[in-house]
1. Along the principal axes of its C-alpha atoms, what lengths does region 319-364 span, in descending order and rounded to whole Å?
2. With all distinct Cα pairs included, what does the Kirkwood hydrodynamic radius of region 274-318 come out to in Å, to one decimal, could you say?
3. Rounded, prolate or oblate, given the Cα gyration tensor of region 10-123, with a/c below 1.5 counting as rounded?
4. For V320, what charge total do you get from the other residues with a beta carbon under 13 Å from its beta carbon, if Lys and Arg give +1 and Asp and Glu give -1?
5. Using 0.36 nm per residue of separation minus the Cα-Cα distance, give me the extension gain between D9 and R153 in nm, one decimal.
6. Check each of the chymotrypsin sites (Phe, Trp or Tyr not before Pro) in region 383-451 and keep only those in coil by DSSP with at most 16 other C-beta atoms within 10 angstrom; list them in order.
7. If you find the alpha carbon centre of region 277-329 and of region 184-234, how far apart are they in angstrom?
8. Excluding K383 itself, what net charge comes from residues whose Cβ is under 12 Å from its Cβ, given Lys and Arg +1 and Asp and Glu -1?
Amino acid sequence: MLDFTIEPDFQAKLDWAATFVREEVEPLDLLFPHGGDPYDTRNEKARAILRPLQEQVREQGLWACHLGPELDGPGYGQVKLALLNEVLGRSYWAPTVFGTAAPDTGNAEILAMFGTEEQKADYLRPLLDGEIVSTFSMTEPQAGADPKEFTCRAWRDDGGTSRSSGAESGGEWVIDGEKWFSSNARYAAFLIVMAVTDPDAPPHQRMSMFIVPSRTPGIEIKRNVGTMDERENLDEGIHAYIRYHQVRVPLDAMLGGPGEGFKVAQARLGGGRVHHAMRTVGKCTRAFDMMCERALSRRTQGTLLADKQAVQQFIADSWVELQQFRLLVLHTAWIIDTQPHGAARTQIAMCKVQTAKVLHDILQRAVHLHGSLGTTGELPLAKWWMAAPNLALADGPTEVHRTTIAKQLLRNYTPAEGLFPSEHIPPKLEAARKRYAHIIEDDNLSGRVDG
């Protein structure tokens, strides 16, 4: 059964986090507003503010809450993580302050599941401690997020000297090709790269995953691409277009087995999509609060905006959509917590489909209600609104997830027998007449039978 109660101890933590994010973390969004700022470990001023905040989070037992006890995390289920991420969604910096920033969370899970002990010591522990950041290098310029169209190759070379370590080895993996939109690569200590290792295998068995230190020879960042709210002339872009020029890594750099790249990638996405969705709930709630405040603060045509029916409809529609979406995400988290692995696949896709739509629709109303001010940089609304198109593409285009939903749902149905639908009235009426013939044919009872 669904239980909507929250344990008092955890509610206290949520209340602390809400106050902390509002008072201590949101100012970071103003002081360091650019997309790469939370990931730039070389920015000493930002880190001087960040580290004490992270320490307060650790003292509250809320650091890296996505981790299980085996990685020194609290082992929270997805419902608790969703509720916490709702709070973190108010601030761009909040995930970094709480040790839950993407793609580091997913990359940490991959390393925890598939990394060697040496890799965990070199990369996983510093990543969990917030000392370094990482990149997930998967999409390609000609293929987007469709792994079946990837051409970046990796092959095994069983002779020679390792260019990455300088030591004699029994073999290496050689990676060659291009990757697109590899977020935070300019700041990353390592990249997790998906490459084709068997082009003749079935589509989902062609690729493998590799951990590649960022200083490995042969990695070329062709350019850091800026999105809508990033100015390329000021070099604010953080999404790298990368060329891997026969980059050599040791054999144990493969994460998982040969051909298991798609499997490894999927292992990191489910919970992350729920977290993205619930952070969107938090951001939309903040926009909704701004909308309501504006409606009660401004007048036009002799009355408050709040008195206008169109504004009332904006508010009502936004709240209904937001609550529907919030319950969908929480229900999805509950399924992940309580049902076998994979049971929430359809619900996760539903969350992905709705995330960008709900964000876009609520923010568009909020911008509109604030008039010209809403389109400027003097409010956060325009910057948030520009993130909606990117959110519709992250972790795969929305259309792909709609197809997934439809295919999953259609598996629960079978074709109708015969020429007419199963709800065709004539045969159902005839069946009903036969079932209750002893009553409807009783001349001693009154009443009309249609048909």
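The values are calculated or read from the model by the stated rules, or taken from the named source; none is laboratory data. Not measured: the values here are computed from a predicted model. In this analysis, Cβ positions are derived from the backbone assuming ideal geometry, glycine residues included, and neighbour counts consider all displayed protein chains. Just the protein is used for accessible areas: all its heavy atoms, side chains included, with ligands, DNA and RNA removed. Shrake-Rupley method; radii C 1.70, N 1.55, O 1.52, S 1.80 Å.
1. Here the Cα extents, ordered largest to smallest, are 38, 16, 9 Å.
2. Evaluated on region 274-318, it is 11.4 Å.
3. Note, shape of region 10-123 comes out oblate.
4. Here the count lands on -1.
5. Extra length from D9 to R153 when fully extended: 46.8 nm.
6. Y413, Y436
7. Answer, in whole Å: 39.
8. Every neighbour counted, the sum reads -3.
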